[in-house]
Amino acid sequence: RKEVEQDPGPFNVPEGATVAFNCTYSNSASQSFFWYRQDCRKEPKLLMSVYSSGNEDGRFTAQLNRASQYISLLIRDSKLSDSATYLCVMTTDSWGKLQFGAGTQVVVTP
Amino acid sequence: EPEVTQTPSHQVTQMGQEVILRCVPISNHLYFYWYRQILGQKVEFLVSFYNNEISEKSEIFDDQFSVERPDGSNFTLKIRSTKLEDSAMYFCASTRGPEEGQETQYFGPGTRLLVL
């Protein structure tokens, strides 16, 4: 089983629609969780941290379920600029090493 | 806004040659990292560096790899004798610390290395 598993997509989303996807992880010792976005051939950029209580940043909502070992991301009112690969990322040790999923591709269409 | 910078943006080298990839982390950050991403694959951790020494390294980071912080600003990754499979995008990242609230890692734009 992969340590961090994501549906690769692509999720084809009409502009203005809502899209949601999950990421599952196998290491119960995972400590901190993040969603990063990566545009083609660019560096990963932090979208948001993910907390057990759930958190929202504008049109983006993230949830963490430690019992079932998954995190989720929901994007409301999708914009064309939301087209990217969304990376599920977590730390598993005190040195901050990041472990990445392979990413979920989202394509927002006009 | 402060950012991590990397040079060069692209590097083409012959197999067996040495390459040095350079990074300038954000100035008040204390933890530094190198990651790589082979085309079409996920981002992989290579090494973390704190207090002028390696704190953790992955299986990928074998004897051909080394890191250095030669002065107060630069952080370098050296590959001694490049192999074809070293072709990848190499990202440098830095953070103030792994403690909650400070753990956000900021990535540089990457160096695309092509080994022929």
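The values are calculated or read from the model by the stated rules, or taken from the named source; none is laboratory data. Since the structure is predicted, the reported quantities are computational estimates derived from the model, not experimental observations. Here Cβ is always computed from backbone atoms with ideal geometry, including for glycine, and neighbour counts include all displayed protein chains. Surface accessibility is based on the protein's heavy atoms, side chains included, excluding ligands, DNA and RNA. Shrake-Rupley method; radii C 1.70, N 1.55, O 1.52, S 1.80 Å.
Over the Cα atoms of region B:68-116, the radius of gyration divided by the Kirkwood radius equals 1.07; this is the Rg/Rh ratio. Residues of region B:72-116 that lose at least 40 Å² of accessible area (1.4 Å probe, protein heavy atoms only) when the other protein chains are present, relative to their chain alone, are B:Pro98, B:Glu103, B:Thr104, B:Gln105, B:Phe107, B:Arg112. Where Lys and Arg each count +1 and Asp and Glu each count -1, what net charge lies around A:Asp77 among other residues with Cβ under 10 Å from its Cβ? Local charge sum for A:Asp77: +1.
Of all lysines in the structure, the ones whose alpha carbon falls short of 19 Å from that of B:Lys78, not counting any fewer than 8 places away in one chain, are B:Lys57.
Shown here: the protein assembly as shown, whose C-alpha atoms stretch 49, 39, 36 Å along the first, second and third principal axes, sorted largest to smallest.
Above 17 Å, the calculated P(r) of chain A contains 50 percent of its Cα-Cα pairs.
Here the accessible area is traced with a 1.4 Å probe on the protein chains. For the protein assembly as shown, carbon and sulfur cover 46 percent of it. Phi angles of region B:59-69 translate, via the Karplus equation with coefficients 6.51, -1.76, 1.60 and θ = phi - 60°, into HN-Hα couplings of 5, 5, 7, 8, 5, 6, 9, 8, 10, 8, 10 Hz per residue; Gly and Pro are given as x. Per-residue packing, averaged as other Cβ atoms within 10 Å, sorts the ranges B:105-112, A:6-13, A:74-81 into the order B:105-112, A:6-13, A:74-81, beginning with the highest.
Taking the chain by itself as reference, region A:68-96 contains these residues with an accessible-area loss of 50 Å² or more in the full protein complex (1.4 Å probe, heavy atoms): A:Trp95. Accessible surface ranking for B:Tyr33, A:Tyr51, 1.4 angstrom probe, highest first: A:Tyr51, B:Tyr33. Kirkwood Rh over alpha-carbon pairs of region B:5-93, then Stokes-Einstein at 25 °C and 0.890 mPa s: what D in µm² s⁻¹, rounded to an integer? It diffuses with D of about 184 µm²/s by this estimate.
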